[in-house]
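The next block holds one structure in the form of structure tokens; read it before the comments.
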2 protein chains.
Amino acid sequence: MTTGAIHATLADDGAASLAARLAIRRRDHVGHTAGLAPGFAQANLAILPQSFAKDFARFCALNPKPCPLIGVAAAGDWRIPALGEDLDIRTDVPRYRVWREGVLVDEPRDLLQCWRDDLVTFAIGCSFSFEQALIEAGLEIRHLTRNCTVPMYRTSIATAPAGPFRGPLVVSMRPFKPADAIRAIEITSRYPLVHGAPVHIGRPDLIGIADLAAPDDGDAVPIGDDELPVFWACGVTPQAAIAIARPAFCITHYPGAMLVTDRRNSDLVPLPAVEVG
Amino acid sequence: MTTGAIHATLADDGAASLAARLAIRRRDHVGHTAGLAPGFAQANLAILPQSFAKDFARFCALNPKPCPLIGVAAAGDWRIPALGEDLDIRTDVPRYRVWREGVLVDEPRDLLQCWRDDLVTFAIGCSFSFEQALIEAGLEIRHLTRNCTVPMYRTSIATAPAGPFRGPLVVSMRPFKPADAIRAIEITSRYPLVHGAPVHIGRPDLIGIADLAAPDDGDAVPIGDDELPVFWACGVTPQAAIAIARPAFCITHYPGAMLVTDRRNSDLVPLPAVEVG
């Protein structure tokens, strides 16, 4: 199918996600994807050899808040039609990370050279979707206001293990005044496939976070005296599990450089359990 | 229409709310209505002379969280068919309170003697509905576990005034562990006509509550070291506004003795704005 045909079947603003992917594919757009094609869901990627796929799918199913699966490709297939008919996993993300035995070995701009017939691609929902919904509701997202990366913390909450995949739940934190925190919980609970409602609020010590000023990843943000820290399950959780599983070969997206999909944030609904051979 | 005809048009468990009203009407059931006809919404009542009705309706419209209107009767009418076709405001509540100039003068078991042709009845959603939903989700409601009345507090948050009706927002408080508090917010946000999501969480000092152990109404409940207090807008708020407005004549329900309606908790949806002549 040609991209012209795709254009013909999409509403006007539906073309925004396709246009973003084509710009990335042409390398007209490099770097992070925050703000691209507003209203369309972006995805974290985990691309694993088929021998690991069944366990990883089970890990996602057991841990839907950090690992909300929004699409899975067949082994060796670089397409996920449910996320975009013309989508090509190998070229439509601005930057990738290639891992061998848990060690980062390359950060290529496409996967055309390293693609393998046994690779299974998992697309996992991303907090960009719910942040857009929060902004539309008039809430301030502190790390966006400060133009930095959301602070992330490893917690004392364990994920449910599946085969070699296990490890701590990683959370992202956004501070809000109490009434705004309630609003943020209400709004994000409507998006179960982009991490959904927070997992914790108000008491970092209860989930093993000793110092909010020292995140494990991302940047610390100031928290007002009249604010509560609110914690969401984070898409870094599966990467932590992959680092522990140490598959011989594995690809992820480069942090912040997501896959732009044709699925609207507003119509993300839970997938049934995914069976991977 | 006869009650037999009503029976015929209701599902089996639909008859539970009618049966509760008939038992109250016959005075087979006296006292509070907690636990009666599970799944059906109960209502707070405010019954005011028509000269106050327009302002009170506006007060409710301006303050939907404490005063979620689920039904209004025509002046002089003791029926609210939308809440139950056979429902009779004068007899279907176990106990009432009659007020003159803001002073409590009687607590009758029916309104047959004191009914007036100029009275307008307002039915306001009640937290019994969302407490049932929380229990069904496996959450512990502290004041129910302790078999006492939910603690209520006047806050420093002002309601939006309408005519003579004004005053503080009154809140009820239920403590939860943080993850359960998030779950409680998610669940109650689905019930906008029974106070909806909380108005505050975690920091009573920010809303003018100096001591959680000294509620303005109801009973104090213990709060664990690992718990946060969660505050919902409370149906006592309109009574506080009525006490300030001091209408020459006014009727409310007796606290805890609610109107059992045929509306299911699960299908409460917001009413359009109510115009009262």
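The values are calculated or read from the model by the stated rules, or taken from the named source; none is laboratory data. Model, not experiment: these values are computed from the prediction. When we count neighbours, we look across all protein chains shown, and the Cβ atoms used for this are built from the backbone with ideal geometry, even at glycine.
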Inset, instruction - Kindly list the number of the only condition in (1) of a type outside the set (A, V, I, L, M); (2) surrounded by fewer than 22 Cβ atoms within 10 Å (Cβ to Cβ); (3) within 14 Å of chain B (Cβ to nearest Cβ) that fails for A:D219. - result: (3)
Inset, instruction - Look at region B:81-102 and say how many of its residues are free of Cβ contacts under 8 Å to residues at least 60 places away in the same chain and under 18 Å from B:A15 (Cα atoms). - result: 1
Legend entry - Filter result for the condition that a residue is modelled with pLDDT under 95, charged (D, E, K, R) and not in a strand (DSSP E or B), over A:D92, A:D86, A:D77: A:D86
Legend entry - Matching option when the condition is assigned to a strand (DSSP E or B), over 29 Å from B:E186 (Cα atoms) and in contact (Cβ under 8 Å) with a residue 40 or more places away in the chain, among A:V105, A:V120: A:V120
Inset, instruction - Using the structure shown, decide if A:D219 is acidic (D, E) and closer than 17 Å to A:I141 by Cα. - result: yes
Legend entry - Test result for A:A20, touching a helix residue (DSSP H, G or I) at 6+ places or on another chain (Cβ under 9 Å) and over 30 Å from A:F165 (Cα atoms): no
Inset, instruction - Quick one: count up the residues across region A:150-190 that are surrounded by fewer than 21 Cβ atoms within 10 Å (Cβ to Cβ), part of a loop (DSSP other than H, G, I, E, B), more than 12 Å from every other protein chain (Cβ to nearest Cβ) and hydroxyl-bearing (S, T, Y). - result: 0
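The rows are residues; the columns are (1) under 29 Å from A:P192 (Cα atoms); (2) touching a strand residue (DSSP E or B) at 6+ places or on another chain (Cβ under 7 Å); (3) in contact (Cβ under 8 Å) with a residue 12 or more places away in the chain.
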residue	(1), (2), (3)
B:V199	yes, yes, yes
B:V230	yes, yes, yes
B:Q239	no, yes, yes
B:C250	no, yes, yes
B:G256	no, no, yes
Legend entry - Matching residues in region B:191-203 - criterion: being within 14 Å of chain A (Cβ to nearest Cβ) and on the phi < 0 side of the Ramachandran plot: B:Y191, B:P192, B:A197, B:P198, B:V199, B:H200, B:I201, B:R203
Legend entry - Check on B:A133, more than 17 Å from the chain's Cα centre (by Cα), outside the structural domain of B:L69 (by TED's automatic domain parsing) and of a type in the set (A, V, I, L, M): no
Legend entry - Of all residues in region A:191-212 being within 14 Å of A:P64 (Cα to Cα) and in a helix (DSSP H, G or I), the one that is farthest from the chain's Cα centre (by Cα): A:P192
Inset, instruction - Taking only region A:21-52 into account, find how many residues are crowded, with 23+ Cβ neighbours inside 10 Å and part of a helix (DSSP H, G or I). - result: 3
